[in-house]
Amino acid sequence: MRKSRSGLRVALVVDGRSGYGPAIARGVGRYAEQHPGWDFARPLGSPLLSWEELRAVEADALIAPLRTARQVAGALRRFRHCVNYSGVLAGNHPPAVISDDRLVGEAAAAHFIGLGLPHVAVLVDSGAMYAARREAGFREALPGDVRFVGRFGRPALLAVPGDWPKLRRPLAAWIRGLPKPVGLFATHNRLALAALSVCEGSGVAVPDEVAVLGVESDPNLAPFLKTPLSYVPLNGERVGFECAALLGRLLSGEQPPANVRRIEPLPVVAARSTDYRKVDDPVIVRVLARIEEDLAAFRSVEDLGRGIPLSRRAFELRFRAVTGRSPYVELQLRKLDRAKRLLATTPLPIAEIAARCGFSEPRHLSVVFRAKLGQSPTAFRQRHRSAGSPLKESM
């Protein structure tokens, strides 16, 4: 293969209908910034190639989502080294860095468990290995008091968009027949969007009857959704960085690793589609809404109860009776979830994250992290962000 004058030439294929592909590209680009010898094939100016554009490219190596045996065979034939970032196929040939799909499923289960939903079900593309792993992780993480009530799956459910019109009717009938309320985990964002559409067209209330949770999101679709979608975000930037790092090692003469490298997902992004909480008490509904709107303002249980015509003891008993948790536990869980999300997705200093999440000081945030997660905020951030990401850890 032909090299550029500047050194190594790499072809990078990015496709898909979510934010995952661009995140992969950011991670690869970050690695390339640290290794100036890399050059990217860009036949039309952009280094982010489609599969069609790849046909006209000459390069030393390839980073791509290899989803079919034909794509794998063509890549191995054309390029000196390849790294795959798709979890559709099984195996590690060519070497792969992918999302840890079992942990994706576990995160989905934990989200529904936290909502207190009595029933759960899955909507799955049963023709893909990533979907099988997500479903397995989801089902294995369910406790005995949460009932698994159904599975709707078809081989290659996403492969032929023209098949969707004839699938809408059986999918709608299946969703209507599920016991309610139910948490529906869709193993792909397009399946989650289809579930939302079917629910809206069938008169099924989201999230009160069906709480829908997907994987990844397409930020371009957000303005068009009647019901904003909750999802498990994949750590695409970290996957991309590790793909590039692996390719760099292969090109330096290292042997391919024996196993697939798996990157754990980011914390769940909760939105309206899973905003389920069977709370009929108007006082507690108001308190929960205030927490969501202005988390930073609440440093203590006293702050939560301010303005409510109840004694602290009466308020705590009423809150626990309605939600199943004490006000203190609820507040700590909300703060922890918000802090995890900010640590994983922003470079904000820890002191600012602590303030935004209502912790009295950064040390308190660290104490909670160590108690609940067994690690410091810094360790959590380093684990979730791209290895090359600049971090602002100052207190």
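Descriptive notes on the structure:
- For the stretch 304-316, the set of residues classified as over 16 Å from Leu331 (Cβ atoms) and in contact (Cβ under 8 Å) with a residue 12 or more places away in the chain consists of Leu310 only.
- For the stretch 136-146, the set of residues classified as out of contact with any helix residue (DSSP H, G or I) (no Cβ under 6 Å at 6 or more places or on another chain) and at pLDDT 95 or above consists of Ala136, Arg139, Glu140, listed by residue number.
- Meets criteria (modelled with pLDDT of 90 or more and either surrounded by 15 or more Cβ atoms within 10 Å (Cβ to Cβ) or in a loop (DSSP other than H, G, I, E, B) (or both)) for Leu365: yes
- Listed by position, the strands (runs of 3 or more DSSP E) enclosed by the stretch 19-128 that each have at least 3 residues that are within 30 Å of Thr323 (Cβ to Cβ), touching a helix residue (DSSP H, G or I) at 6+ places or on another chain (Cβ under 8 Å) and not small (Gly, Ala, Ser) are 119-125.
- Evaluated against (1) of a type outside the set (Gly, Ala, Ser); (2) buried (at least 20 other Cβ atoms within 10 Å of the Cβ); (3) outside the structural domain of Gly183 (by TED's automatic domain parsing); (4) within 21 Å of the chain's Cα centre (by Cα), Val88 falls short on exactly one condition, (2).
- Out of Gly183, Gly214, Gly177, Gly248, sole residue that is over 23 Å from Leu103 (Cβ atoms), in the same structural domain as Val120 (by TED's automatic domain parsing) and of a type outside the set (S, T, N, Q): Gly177
- Here Arg299 does not fit the description of being in a helix (DSSP H, G or I) and in the same structural domain as Leu365 (by TED's automatic domain parsing).
- Just one of (1) touching a Leu at 6+ places or on another chain (Cβ under 7 Å); (2) part of a helix (DSSP H, G or I); (3) in contact (Cβ under 8 Å) with a residue 24 or more places away in the chain; (4) buried (at least 19 other Cβ atoms within 10 Å of the Cβ) fails for Phe319. It is (1).
- Any hit, the stretch 141-158, residues being in a helix (DSSP H, G or I) and of a type in the set (Phe, Trp, Tyr): no
- For the stretch 245-267, the candidate set comprises residues that are surrounded by 17 or more Cβ atoms within 10 Å (Cβ to Cβ) and more than 23 Å from Met129 (Cβ to Cβ); within that set, the residue that is nearest to the chain's Cα centre (by Cα) is Pro267.
- Top-ranked residue of the stretch 281-294 - restricted to ones that are surrounded by fewer than 18 Cβ atoms within 10 Å (Cβ to Cβ) and touching a residue at least 40 places away in the same chain (Cβ under 8 Å), ranked as nearest to Lys340 (Cα to Cα): Glu292
The values are calculated or read from the model by the stated rules, or taken from the named source; none is laboratory data. Keep in mind it's a predicted model, so treat the numbers as computed, not measured. Note: ideal-geometry Cβ built from the backbone for every residue, glycine included; neighbour counts use all protein chains shown.
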